[in-house]
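Remarks on the structure that follows.
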Amino acid sequence: MRVNFTVNGRPQEADDVWEGESLLYVLRERMGLPGSKNACEQGECGSCTVRLDGVPVCSCLVAAGQAEGREVVTVEGLADYARHREDAHPGTGCAAGTCGTSLDAAQRWQARPTDARSAEAAALSPIQQAFIDAGAVQCGFCTPGLLVAADELLEACPSPSDQDIREALSGNLCRCTGYEKILDAVRLAAARQEETVR
Amino acid sequence: MAQHPRAASVPAGTPTKITQGSKTPGGIGESTLRPDGTLKVTGEFAYSSDMWHEDMLWGHTLRSTVAHAGISSIDTGEALATPGVYAVLTYDDLPAPMKNYGLEIQDTPALAHGKVRHHGEPVALVAADHPETARRAAAKIRIEYAELPVITDEASATAPDAVLVHEGRTDHHIGHVPHPNIVHRQPIVRGDADAAAARADVIVSGDYVFGMQDQAFLGPESGLAVPSEDGGVELYVATQWLHSDLRQIAPVLGLPEDKVRMTLSGVGGAFGGREDLSMQIHACLLALRTGKPVKMVYNRFESFFGHVHRHPAKLHYEHGATKDGKLTHMKCRIVLDGGAYASASPAVVGNASSLAVGPYVVEDVDIEAIALYSNNPPCGAMRGFGAVQACFAYEAQMDKLAAALDMDPVELRQLNAMEQGTLLPTGQRVDSPAPVAELLRRVKARPLPPEQQWLSADAEGSSVDVRALPGGLSNTTHGEGVVRGVGYAVGLKNVGFSEGFDDYSTARVRMEVINGEPVATVHTAMAEVGQGGVTVHAQIARTELGVSQVTIHPADTRVGSAGSTSASRQTYVTGGAVKHSCEAVRERILEIGRRKLGTYHPAWATAELLLEGGKVVTDGGEALASVAEVLQDEAVDVELEWRHRPTEAFDLRTGQGNGHVQYSFAAHRAVVEVDTELGLVKVIELACAQDVGKALNPLSVQGQIQGGTTQGLGVAVMEEILVDPKTAKVRNPSFTDYLIPTILDTPTIPVDVLELADDHAPYGLRGIGEAPTLSSTPAVLAAIRDATGLELNRTPVRPEHITGS
Ligand code: FES
Ligand code: FES
């Protein structure tokens, strides 16, 4: 079958997709976007987390056909996505009553083409930078999924408590870090975000 | 390797003078950031499962569904006839006379031959154009098994009529083991434990069980094999030791080692689980047979069968002490289940026995450790390597002894703590700092986390945040029946390979001028598995060579062996090799400088010269020339091996011998809250104090300690591979049923780092990766015992052990 959907702001079509293929497989093996990882293919580890119309999902559990006509954001598009969010609603969050990215906003968003990458386009999103700075990346296999989940958390709730962070990231396993530095990274990104709003 | 000397030429203009040499930023001791960090957060880092090649096929392994059976027949016809299938291989297709591999003992068949010895053993291979086609074709292979009785424990392994797991063993351990179903046995006897026991006022003993833990690295076994034109093969793979893989792969492929070229691809964690081969030989066989690139990626289910696990253990311990708390003696017997193949079992036995006493002074000991062959899943290396199981038991014993003596458990430990100069049961003297009592003091002195953190007082009184309670969001308690406990533990781990192993590493360092700037390139075969070795290598090069730009060359087999990324050894040994090679590069650069520029300034001949900030600087801080001026278009290129002090084998009867290179120590204090009604445990805090000798990168050091601590926490309360005792089949090969700690299960882990230099090690550093995995498990267990008053002699603790139901 053929699947038409938008990945990181760009319309894509995948041909000859076998009915049983997961969204994760199509992204990794057909779209050439290996950023989303396959660590369990059971919906247990969160390494494959992407946003489907703004909602974080385990892409290993989504049949490719379910993505028909929808918007997918992977770790590869995270920086652009975050930048677009800033442009669209600078400094909004729970407090302002505008949690998350609306479907409308998600659909209007277009990524810059990766082949003509400007310095700005290559820059990292705040959560990506915070993961590096806080030492939250070791082997890094869990990182893409954690970044997508953490970015969504900060979008929905710009100043999360530690319990909020733990709850939001409880579907993402990391075997290397012991999570402490991941907490640090989310706190750091939240703090930096607050700085820029002020 | 030689530098490339050129005719000396005089630089234009005289060297810049009198600039104060400044330390190059980004050197050792700083928390520099990972060089692979940006790639990893953008999704561009190429893990072994991300490899892709034009025209590539997918490989799949068919594994045995039974644990112990003769193979009566294999019919591959239907599988081979499936459209899209390019090859189906069995044992008969192995090309070379060498059909087995193994780390020390070559007892593991590349594909099962006539017999399978454990559930999940590889029997056949398929290559197809889609992974699903390969899986479906594999399902069409018909295998007839004639089941054999399974050996699952010591009693069944050593019974008089026991079937031999490996008939006709010829390895060098067979001469000294009491039964062919025992891989290796190591006794350690020192003093007279029986006589000393007579002097004891109190004797405590206990039986302990340590469950089978899985490394559960997140990036599953995977790689890509590409056939090359010369009949060889290129293998891109995630592993812990490229050269060890190469030595095992090439003979089975029937190729000389230089026709198997290996490159490390991105590794998603390892923890010992990648020391043994998994898909390496299989992917190469399929690539060589089909003439096409073949990618293999295990899913999580297969990953549980694709690597060895931590040895489950049964331990019997006896300790005695005088009234005032001095240990009189220790006797123990440690039975490790090695499963169907030897893997690292002999070395695990060596560690378990030689470290069985822990970080305590006990002069009279009687120790025995054995590893069994059984039909359980093969066990081998995992973080802590034999020392973990022993630590679980001796720390439980310390608490038991303290209770019997009515002493404070930390005080009892401190009273008996080893220190620099202590003799180990092997007769080896500990010749570097051993701050055991101090580490315990530090974790104990830390203020306790506030009680009942789930209660948040607000204006109306109080409300409960169930997320902070045992059971969390499942909302199983609001604090009723929740009790707190505090427990302590400390552990002793060796660093590096022991028992006479030639534990060396190789580093190639090149310095050249690119765009007017000196650039150093470090090339080693070290497997970066997440630990941060690449970060540290760049720091070492900056420190030794005074350059800011350092490139880390991808790890491959075009440079000499770096040894394994395991045993906490890589920063010590490959770090040492990088330092050693950098020193040689520095000397070459200074020689070139003297030759080219020596006449410009007398200090070239007379002063002690250093490289700092891209310049040649005197020890007085005077800059003589920039490295760019010295080198011009010359490059200096050095490849050297480096070794730590030699060790020796343990005597097979007495266990005496200077077997270890270095020791690593960590202490933990665990604070837990237990819902005694439902048996649920929440770890509130798991504080660690560890001596790291010298923290080359403090941020990475903390990350390693916290990660190791969490793996110890996992085995304390949730992690265990369950093997059916009747069939030896694995019951929970999935992340749904094999639980590893989530961020909700993991508490804050404050880390207190001590830096007492080991004078024998580069920069005084101490291997750090494993020690925290030892002590966190017994600390959590001690805290649960403290909270509940229960004995709890096995890991992991399950709710039914707490509720008694
Ligand atoms: S790979 Fe999708 S949740 Fe683990
Ligand atoms: S960094 Fe390795 S799994 Fe998280």
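Hey, A:Ala189 hits all of (1) within 8 Å of another protein chain (Cβ to nearest Cβ); (2) open to solvent by less than 30 Å² (accessible area, probe 1.4 Å); (3) more than 14 Å from ligand 2 (Cβ to nearest atom) but one; which does it fall short on?
Looking at each condition in turn, A:Ala189 falls short on (1).
Answer yes if at least one residue in the range B:737-748 is crowded, with 19+ Cβ neighbours inside 10 Å and more than 12 Å from chain A (Cβ to nearest Cβ), and no otherwise.
No, there is no match, as no residue in the range B:737-748 is crowded, with 19+ Cβ neighbours inside 10 Å and more than 12 Å from chain A (Cβ to nearest Cβ).
Determine which single condition A:Ala168 fails, assuming it passes every other condition in (1) away from ligand 1 (no atom under 16 Å from the Cβ); (2) touching a helix residue (DSSP H, G or I) at 6+ places or on another chain (Cβ under 6 Å).
Going through (1) away from ligand 1 (no atom under 16 Å from the Cβ); (2) touching a helix residue (DSSP H, G or I) at 6+ places or on another chain (Cβ under 6 Å) one by one, A:Ala168 breaks only (1).
How many residues does the range B:502-551 contain that are open to solvent by less than 10 Å² (accessible area, probe 1.4 Å) and acidic (Asp, Glu)?
1
Within the range A:141-159, can you find the residues that are farther than 24 Å from B:Gln702 by Cα and more than 15 Å from ligand 1 (Cβ to nearest atom)?
Of everything in the range A:141-159, those that are farther than 24 Å from B:Gln702 by Cα and more than 15 Å from ligand 1 (Cβ to nearest atom) turn out to be A:Asp151, A:Glu152, A:Leu153, A:Leu154, A:Glu155, A:Ala156, A:Cys157, A:Pro158, A:Ser159.
Residues being touching a strand residue (DSSP E or B) at 6+ places or on another chain (Cβ under 7 Å) and either of a type in the set (D, E, K, R) or closer than 30 Å to B:Val430 by Cα (or both): count how many of those fall in the range B:732-759.
Number satisfying all stated conditions: 8.
In the set B:Val260, B:Val267, B:Val204, B:Val237, which member is open to solvent by 10 Å² or more (accessible area, probe 1.4 Å) and not hydroxyl-bearing (Ser, Thr, Tyr)?
Only one candidate passes the filter, namely B:Val204.
For B:Val509, indicate whether it is among the β-branched types (Val, Ile, Thr) and farther than 30 Å from B:Glu451 by Cβ.
Yes: the conditions hold for B:Val509.
Suppose we filter the range B:425-456 for residues that are open to solvent by 80 Å² or more (accessible area, probe 1.4 Å) and either within 23 Å of B:Ile188 (Cα to Cα) or modelled with pLDDT under 95 (or both); how many remain?
5
Among the residues of the range A:144-168, write down those that are touching a residue at least 40 places away in the same chain (Cβ under 8 Å) and either under 18 Å from A:Ser47 (Cα atoms) or basic (Lys, Arg) (or both).
If the condition is that a residue be touching a residue at least 40 places away in the same chain (Cβ under 8 Å) and either under 18 Å from A:Ser47 (Cα atoms) or basic (Lys, Arg) (or both), then A:Pro144, A:Gly145, A:Leu146, A:Leu147, A:Val148, A:Ala149, A:Asp151, A:Glu152 are the ones that fit.
Which condition breaks for A:Leu33 when tested against (1) more than 8 Å from ligand 1 (Cβ to nearest atom); (2) open to solvent by 10 Å² or more (accessible area, probe 1.4 Å); (3) assigned to a loop (DSSP other than H, G, I, E, B); (4) in contact (Cβ under 8 Å) with a residue 60 or more places away in the chain?
The failed condition is (4).
Quick test of your reading of the structure: B:Ala134 fulfils all but one of (1) buried (at least 23 other Cβ atoms within 10 Å of the Cβ); (2) away from every other protein chain (no Cβ under 14 Å). Name the failing condition by number.
Unmet condition: (2).
Within the range A:9-23, is there a residue that is within 11 Å of another protein chain (Cβ to nearest Cβ), closer than 30 Å to B:Pro741 by Cβ, assigned to a loop (DSSP other than H, G, I, E, B) and out of contact with any strand residue (DSSP E or B) (no Cβ under 6 Å at 6 or more places or on another chain)?
So far as the range A:9-23 goes, no, none of its residues is within 11 Å of another protein chain (Cβ to nearest Cβ), closer than 30 Å to B:Pro741 by Cβ, assigned to a loop (DSSP other than H, G, I, E, B) and out of contact with any strand residue (DSSP E or B) (no Cβ under 6 Å at 6 or more places or on another chain).
Of all residues in the range A:121-147 being facing chain B (nearest Cβ under 7 Å) and aliphatic (A, V, I, L, M), which is most open to solvent (accessible area, probe 1.4 Å)?
Going through the qualifying residues, I end up with A:Leu124.
With respect to the numbered conditions (1) under 21 Å from the mean Cα position of the chain (by Cα); (2) assigned to a loop (DSSP other than H, G, I, E, B), which one is the sole condition not fulfilled by B:Ala352?
(2)
Just checking, how many residues over the range B:21-58 are on the phi > 0 side of the Ramachandran plot and either over 25 Å from the mean Cα position of the chain (by Cα) or of a type in the set (A, V, I, L, M) (or both)?
3
Yes or no: the range B:400-414 includes at least one residue that is in a loop (DSSP other than H, G, I, E, B), open to solvent by less than 10 Å² (accessible area, probe 1.4 Å) and of a type outside the set (Asp, Glu).
No, the range B:400-414 contains no residue that is in a loop (DSSP other than H, G, I, E, B), open to solvent by less than 10 Å² (accessible area, probe 1.4 Å) and of a type outside the set (Asp, Glu).
Anything in the range A:149-173 that is at the interface with chain B (Cβ under 7 Å from one of its Cβ atoms) and more than 22 Å from A:Arg85 (Cα to Cα)? List them, or say none.
Those that are at the interface with chain B (Cβ under 7 Å from one of its Cβ atoms) and more than 22 Å from A:Arg85 (Cα to Cα): A:Gln163, A:Arg166, A:Glu167, A:Ser170, A:Leu173.
Out of the residues in the range B:529-545 that are not in a loop (DSSP other than H, G, I, E, B) and not hydrophobic (A, V, I, L, M, F, W, C), which is farthest from ligand 1 (Cβ to nearest atom)?
By that ranking, first place goes to B:Glu544.
Residues of the range B:610-633 being within 40 Å of the chain's Cα centre (by Cα) and closer than 11 Å to B:Gly593 by Cβ, which ones?
B:Leu611, B:Lys615, B:Val616, B:Val627
Pairs needed: first member in the range B:267-282, aromatic (Phe, Trp, Tyr); second member anywhere, within 16 Å of ligand 1 (Cβ to nearest atom) and modelled with pLDDT of 95 or more; C-beta distance under 9 Å; at least 6 residues apart or different chains.
Between residues of the range B:267-282 that are aromatic (Phe, Trp, Tyr) and residues that are within 16 Å of ligand 1 (Cβ to nearest atom) and modelled with pLDDT of 95 or more, the close pairs are B:Phe271/A:Arg175; B:Phe271/A:Cys176; B:Phe271/B:Ala216; B:Phe271/B:Phe217.
Filter the range B:231-279 for residues that are of a type in the set (Ser, Thr, Tyr) and assigned to a loop (DSSP other than H, G, I, E, B); which is farthest from the chain's Cα centre (by Cα)?
Going through the qualifying residues, I end up with B:Ser265.
Which of (1) away from ligand 2 (no atom under 14 Å from the Cβ); (2) open to solvent by less than 10 Å² (accessible area, probe 1.4 Å); (3) not aromatic (Phe, Trp, Tyr) is the odd one out, the single condition A:Ala150 does not satisfy?
It is condition (1) that A:Ala150 fails.
The values are calculated or read from the model by the stated rules, or taken from the named source; none is laboratory data. As the structure is a prediction and not an experimental result, all values here were calculated from the model. Glycine gets a Cβ as well: all are built from the backbone with ideal geometry, and neighbour counts include every protein chain shown. Note: accessible area is taken over every heavy atom of the protein model, side chains too, but ligands, DNA and RNA are not part of it. Shrake-Rupley method; radii C 1.70, N 1.55, O 1.52, S 1.80 Å.
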